[in-house]
Amino acid sequence: MRAVADAARPVVGLVGSDGAYGRWLRRFFEQRMGLEVLGHDPADPASDPPERLLEQAQVLVFATPIRQTSDLIAEYVARSGGRERGRLWLDITSLKQAPVDAMLASQAEVVGLHPMTAPLKTPTLKGRVVVVCEQRLDAWRPWLQTLLDALQGEYVRTTPDHHDRVMALVQAMVHAAHLGQAGVLRSFAAELGQPPALMPYRSIGFEMDTAVIARILSLNPEIYEDIQFGNPHTAEVLARLGAEIGRLQALVERGDDAARAEFREHYLSANRQAWGATAVADGSYTFERVGYLLADLTETRRLSVHLPEDRAGSLRALLHVFEEHGVSLSSIHSSRTPAGEIHFRIGFDPGVDVAALRAAAAAIDHSGVGRVLEQP
């Protein structure tokens with residue numbers, strides 16, 4: 001068994017290694033941090049037994065379903081029998097109080113983490129918020145910082161209780177509101193059509209809301225169920241949300257000038273004042289930027305290009321090819337694949353010279369500057 005003195009390169013044990021986040025974390029720890037990873041998952045008969053994780057892993061990460069996490073941690077505390085002393089235990093569930101309390105029953109150092117995103121197609125959490133609850137941390141503090149640096153997230157530190165209260169707003173309320181919208185859309189489908197039939201009439205707000213609904217419906221339903229039912233603060237938040245919707249419904253049903261005045265005061269003026277001018281302006285600007293992005297993604301003339309070399313000057317060389325062929329760009333957006341490849345989606349005006357665009361695409365492939373993935 002390795003000592004804590006070897007903490008710079010610990011063996012990592014993943015509980016829930018066959019889940020979506022477990023698989024992402026294995027790639028991250030092995031490929032980005034160069035660490036040895038052990039993993040146990042009941043869904044994978046070939047995975048390592050729990051005893052091996054407890055014997056050999058200096059860092060134990062619980063990436064398991066919310067409703068099972070606390071009981072699983074309690075099992076590992078009982079199995080470990082004190083061997084976890086001097087080690088680090090982490091969890092990455094969407095709730096923090098219960099799993100952190102369960103880990104504190106051990107003798108390990110304890111940190112609760114909550115990445116505010118589903119597993120990504122990118123190799124890190126760059127640009128994504130990660131909540132950090134440092135509950136019992138001493139010798140492992142330097143390594144935790146190394147981990148956070150490697151993840152490249154945007155970090156906010158808080159207590160487990162405050163985290164769960166905030167998540168009732170940030171997650172439970174948001175999911176509930178969108179699932180409520182999904183139910184309303186379903187109720188009108190026979191009269192007005194399913195969401196695809198409504199999209200030609202879309203506003204930016206409707207398109208963004210339906211995208212959120214589709215995202216929720218596309219992912220693991222157990223996660224969304226547990227976020228609603230597992231957070232003790234959800235019921236209060238949903239009661240307040242229901243009261244606000246009910247009040248608005250009553251005002252609309254009245255429909256008189258007094259109701260309109262109350263609507264303006266309660267739902268617009270009071271909320272605008274509570275948010276503050278800066279937050280309102282920043283949020284409005286974010287909405288505009290997303291709108292521009294959505295408009296860019298509708299362009300029918302486009303190229304998708306992979307740049308094989310992630311180095312300074314690669315993008316400049318790519319753009320120079322279009323300049324040489326007299327082709328102007330209307331938009332350009334980048335993304336990374338799970339393997340870390342950079343892909344650029346480049347849009348052009350509908351009236352672009354298609355022959356010149358195809359010649360530029362051929363030149364990109366021939367020169368080795370990039371590989372064209374989607375032809376015009």
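Among the residues of the stretch 264-281, those that are open to solvent by 90 Å² or more (accessible area, probe 1.4 Å) and either acidic (D, E) or under 30 Å from H333 (Cβ atoms) (or both) comprise E265, W275, T278.
Please pick out the residue among R136, R79, R128, R165 that is within 21 Å of G19 (Cβ to Cβ), more than 18 Å from the chain's Cα centre (by Cα) and open to solvent by 70 Å² or more (accessible area, probe 1.4 Å). Working first, answer last.
Numbers: R136 fails: within 21 Å of G19 (Cβ to Cβ); R128 fails: more than 18 Å from the chain's Cα centre (by Cα); R165 fails: within 21 Å of G19 (Cβ to Cβ).
It is R79.
Quick check on the stretch 85-101: of everything there that is out of contact with any Asp or Glu (no Cβ under 8 Å at 6 or more places or on another chain) and in a helix (DSSP H, G or I), which residue is least open to solvent (accessible area, probe 1.4 Å)? The residue in question is A98.
Restrict the check to the stretch 17-26 and report whether at least one residue is under 24 Å from the mean Cα position of the chain (by Cα) and among the basic types (K, R).
The first filter runs over the stretch 17-26 and keeps only residues under 24 Å from the mean Cα position of the chain (by Cα), leaving 17-26.
Right, trim to among the basic types (K, R) and you get 23, 26.
Yes, the conditions are met somewhere in the stretch 17-26.
Taking the criterion of being charged (D, E, K, R), touching a residue at least 60 places away in the same chain (Cβ under 8 Å) and crowded, with 18+ Cβ neighbours inside 10 Å, no residue of the stretch 24-56 qualifies. Could you list, in sequence order, all residues of the stretch 105-119 that are surrounded by fewer than 17 Cβ atoms within 10 Å (Cβ to Cβ) and either assigned to a helix (DSSP H, G or I) or not small (G, A, S) (or both)? Once the filter is applied, which keeps residues that are surrounded by fewer than 17 Cβ atoms within 10 Å (Cβ to Cβ) and either assigned to a helix (DSSP H, G or I) or not small (G, A, S) (or both), the stretch 105-119 yields M116, T117. Those helices (runs of 4 or more DSSP H) of the stretch 187-240 in which 1 or more residues are free of Cβ contacts under 8 Å to residues at least 12 places away in the same chain and open to solvent by less than 70 Å² (accessible area, probe 1.4 Å) occupy 189-192, 195-198, 204-218. Against the definition (within 30 Å of I342 (Cβ to Cβ), of a type in the set (S, T, N, Q) and either touching a strand residue (DSSP E or B) at 6+ places or on another chain (Cβ under 8 Å) or buried (at least 19 other Cβ atoms within 10 Å of the Cβ) (or both)), how does T122 come out, yes or no? Spelling it out, T122 is indeed within 30 Å of I342 (Cβ to Cβ), of a type in the set (S, T, N, Q) and either touching a strand residue (DSSP E or B) at 6+ places or on another chain (Cβ under 8 Å) or buried (at least 19 other Cβ atoms within 10 Å of the Cβ) (or both). If you go through the stretch 168-186 and pick out every residue that is open to solvent by 80 Å² or more (accessible area, probe 1.4 Å) and under 30 Å from V132 (Cα atoms), you end up with 1.
The values are calculated or read from the model by the stated rules, or taken from the named source; none is laboratory data. This one's a predicted model, so the numbers in the text were calculated from it and none came from an experiment. Reconstructed Cβ throughout: ideal geometry from the backbone, glycine too, with neighbour counts over all protein chains shown. For accessibility, only protein heavy atoms count, side chains too; no ligands or nucleic acids. Shrake-Rupley method; radii C 1.70, N 1.55, O 1.52, S 1.80 Å.
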